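Engineer: Supplied in structure tokens, the structure appears directly below.
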Amino acid sequence: MRRDPDFLFSDFDLRASMEAQGQKLIEEIDSIDTNRLLNTNPDELINYFEQKYYINAPNLMNRIFKLTKLRRKLMSAAITIDS
């Protein structure tokens, strides 16, 4: 069921998405050939997995800024109407 799009995290289940991403990471690590794993620079592996499975967090400050801007516009419009 889809909720109101104006609510943060309403498009998907954040917890389920993060768990699924973590499971994919574990499965890929488990599937690496032992020789390749032992002969690859650990920093390179870390960078690869971090780039592939990184999850961007929502920017709450940006959303607050937009709401504050909207509130100011609405208040300005209300003052104009009342005048």
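Engineer: Pairs needed: first member in region 16-31, under 17 Å from Ile46 (Cβ atoms); second member anywhere, assigned to a helix (DSSP H, G or I); C-beta distance under 6 Å; at least 6 residues apart or different chains.
Structural biologist: Gln21/Tyr53; Leu25/Tyr53
Engineer: Mind listing whichever residues of region 37-55 are among the charged types (D, E, K, R) and either surrounded by 10 or more Cβ atoms within 10 Å (Cβ to Cβ) or closer than 22 Å to Phe12 by Cβ (or both)?
Structural biologist: Result: Glu50, Lys52.
Engineer: Next up: In region 5-24, how many are at pLDDT below 80 and in a helix (DSSP H, G or I)?
Structural biologist: Final tally of qualifying residues: 1.
Engineer: Taking interchain pairs and intrachain pairs at least six residues apart, which have beta carbon atoms under 9 angstrom, with the first residue in region 48-72 and at pLDDT 75 or above and assigned to a loop (DSSP other than H, G, I, E, B) and the second surrounded by 10 or more Cβ atoms within 10 Å (Cβ to Cβ) and of a type in the set (Ser, Thr, Tyr)?
Structural biologist: Qualifying pairs under 9 Å: Ile55/Ser17.
The values are calculated or read from the model by the stated rules, or taken from the named source; none is laboratory data. Everything numeric here is computed off the predicted structure, so don't read it as measured data. Counting neighbours? That spans all protein chains shown, and the Cβs are built from the backbone with ideal geometry, glycine included.
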